[in-house]
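The values are calculated or read from the model by the stated rules, or taken from the named source; none is laboratory data. Keep in mind that this is a model prediction, so the values were computed, not measured. So basically every Cβ, Gly included, is an ideal-geometry build from the backbone, and we count neighbours across all protein chains shown.
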Amino acid sequence: MLIDILQAAAAAAAEAAPVNKFGFTEAIKGNLVAQATVVILGIMSFGSFYILFTKLYDQGKILKQGAEVRSSFWRAATLKEGGAKLAKDTAYRQVVDDALEAEAQHAKMTDSLEGHEWMHGSLARSEAAINSRLAGGLPFLATVGATAPFIGLFGTVIGIYRALIAIGLAGSASIDKVAGPVGEALIMTALGLLVAVPAVLAYNWLQSRNKRIGAEINGFATQVLANISSNGAVKPAVAEAAARPAAPAAKK
């Protein structure tokens, strides 16, 4: 009997409790502009994180291959032999393949200076193609970081406008009339910043990693060009140290 009375009292209290009209769902319910703003910001946020993770994966592969190149590539007898050990469709393999192709066409140059310029230009184009692929998607992050706050601000303006309309219709600025639209305005502002800030941080981080990768690719291309121009005589100091025989131990 006591349990039934308590359950009935709890049910009555729940029915008598006021319904929350100021939550996020209630703020955008029936407001097509707010709903469209949330959808657009959601798409921007999803695209930003998708680009961030895919670019980190691509950059990680290139950095890993760079470490492998520094440790083992220059130990090969020729560029062709070293390039064959690299995975296909990768940045360093592309540089080696383009260099070997340019070397094969070098014999067609009647002027040795023109041949050198041709090889240098071929490697420069290869670097530019790699950097272009690495930069793919970054304009989207820059666009999101620049426009998301203004999209949120647009939702803010609409929310304030609705609050003013509610005040005008009610004839007084009572809290129950303006709390919903003002809350909607604040939510739109927060969503715009929540989308823009990660996009800006991701853009700057990926850009800094791209610069590091570009510098490593440029250094590798320079070493490849020097190796070809010297008929294989010039190699990085690491490779030369690895190929040099160890000095005999001193006798006691």
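Answer yes if at least one residue in segment 13-25 is at pLDDT 85 or above, out of contact with any strand residue (DSSP E or B) (no Cβ under 6 Å at 6 or more places or on another chain) and either under 30 Å from Pro149 (Cα atoms) or not in a loop (DSSP other than H, G, I, E, B) (or both), and no otherwise. No, every residue in segment 13-25 fails to be at pLDDT 85 or above, out of contact with any strand residue (DSSP E or B) (no Cβ under 6 Å at 6 or more places or on another chain) and either under 30 Å from Pro149 (Cα atoms) or not in a loop (DSSP other than H, G, I, E, B) (or both). Only a single criterion out of (1) modelled with pLDDT of 85 or more; (2) under 30 Å from Leu100 (Cβ atoms) is not satisfied by Val200, namely (2).
If you scan segment 111-165, which residues turn out to be in contact with a Leu (Cβ under 7 Å, 6 or more places away or on another chain) and within 29 Å of Thr189 (Cα to Cα)?
The initial filter retains those residues of segment 111-165 that are in contact with a Leu (Cβ under 7 Å, 6 or more places away or on another chain), namely 119-120, 123, 138, 148-149, 151-152.
Hits for segment 111-165 are Leu138, Ala148, Pro149, Ile151, Gly152.
Residues in segment 123-137 that are crowded, with 17+ Cβ neighbours inside 10 Å and either of a type outside the set (S, T, N, Q) or not in a helix (DSSP H, G or I) (or both): Leu123, Glu127, Ile130, Leu134, Gly137. For segment 190-208, a residue qualifies if it is more than 10 Å from the chain's Cα centre (by Cα), surrounded by fewer than 17 Cβ atoms within 10 Å (Cβ to Cβ) and not hydrophobic (A, V, I, L, M, F, W, C), and exactly one does: Ser208. Tell me, please, whether a residue that is surrounded by 13 or more Cβ atoms within 10 Å (Cβ to Cβ), in contact (Cβ under 8 Å) with a residue 24 or more places away in the chain, out of contact with any Lys or Arg (no Cβ under 7 Å at 6 or more places or on another chain) and not in a helix (DSSP H, G or I) can be found in segment 30-48. Checked segment 30-48: at least one residue is surrounded by 13 or more Cβ atoms within 10 Å (Cβ to Cβ), in contact (Cβ under 8 Å) with a residue 24 or more places away in the chain, out of contact with any Lys or Arg (no Cβ under 7 Å at 6 or more places or on another chain) and not in a helix (DSSP H, G or I). Look at segment 33-60 and say how many of its residues are modelled with pLDDT under 90 and closer than 30 Å to Val96 by Cα. Looking only at that region, the number is 0. If you go through segment 59-108 and keep only what is surrounded by 12 or more Cβ atoms within 10 Å (Cβ to Cβ) and in a loop (DSSP other than H, G, I, E, B), you end up with Ala76, Lys85, Leu86, Thr90.
Residues are listed down the side, and each one gets a yes or a no for (1) at pLDDT 85 or above; (2) surrounded by fewer than 18 Cβ atoms within 10 Å (Cβ to Cβ); (3) within 30 Å of the chain's Cα centre (by Cα); (4) not in a helix (DSSP H, G or I):
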site	(1), (2), (3), (4)
Ile160	no, yes, no, no
Leu164	no, yes, no, no
Gly180	no, no, no, no
Leu186	no, yes, yes, no
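With respect to the stated conditions, Glu117 is surrounded by fewer than 16 Cβ atoms within 10 Å (Cβ to Cβ), more than 30 Å from Leu206 (Cα to Cα) and of a type in the set (Asp, Glu).
Would you say Leu169 is modelled with pLDDT under 90 and either part of a helix (DSSP H, G or I) or hydrophobic (A, V, I, L, M, F, W, C) (or both)?
Details: modelled with pLDDT under 90: yes; either part of a helix (DSSP H, G or I) or hydrophobic (A, V, I, L, M, F, W, C) (or both): yes.
Considered against the rule, which asks whether it is modelled with pLDDT under 90 and either part of a helix (DSSP H, G or I) or hydrophobic (A, V, I, L, M, F, W, C) (or both), Leu169 comes out as yes.
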